[in-house]
Amino acid sequence: MIAALKNKIESVPMNDVNKTLRLITRYTWIGSGVLFVCYSYFVGAITFTVVHQRAVEQTNKTLISTMSDQERVYLKNQQQLNENYASSIGLVKGTAVAFAVAKPAVAWNVGQ
C-alpha cells in the first residue's frame, strides 16, 4: 500500500506541484492582505471611538461647570426674587390658583 502511494506521488508531474504551490502562495498573500485591512479597520475604529469618548467626557465636564455657574448665579440672585421684582419686570399677580383633581375613568364596555 505504501509502495502504491509512493508511485502515485512520483507520477505527479512537477508542473502541477509548482502550479499548486503558486496558487497556495497567492491565496496566502491575498488572505494576509485582507486580514491586515480588517485589523487596520478595527484598530482605527477602536482608536477613534476612544478619542470620541474623551471628547464627550470633556464636553460633559464643560456643561457641568456651566450648569454650576448658573446655579451659583441663581442662588446669589434668589434673595432678590420677590413680588416687587416680579412686578418690576412686568409680571402681574394671578387671580386664582387652579388645581387639577383626578376623577375615576368611566368604562362603558366593562364585562363585554
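For the reader, a short list of remarks on this structure follows.
- Listed values [x] 6.9; [y] 10.1; [z] 26.4, entry calculated as mean projected area of the Cα convex hull in nm²: [z]
- Candidate aspartates and glutamates for bridging to residue 8, where Cα separation is under 15 Å - those fewer than 8 sequence places away on the same chain excluded: 16
- Unit charges at the beta carbon, dipole of the chain: most positive-side option, 38, 5, 102: 5
Each value in this text was obtained by applying a stated rule to the coordinates, not by laboratory testing. Being a predicted model, the structure only gives us computed values, none of them experimental. Methodologically, a virtual Cβ is constructed for each residue, glycine included, from the backbone with ideal geometry; neighbour enumeration extends over all protein chains shown.
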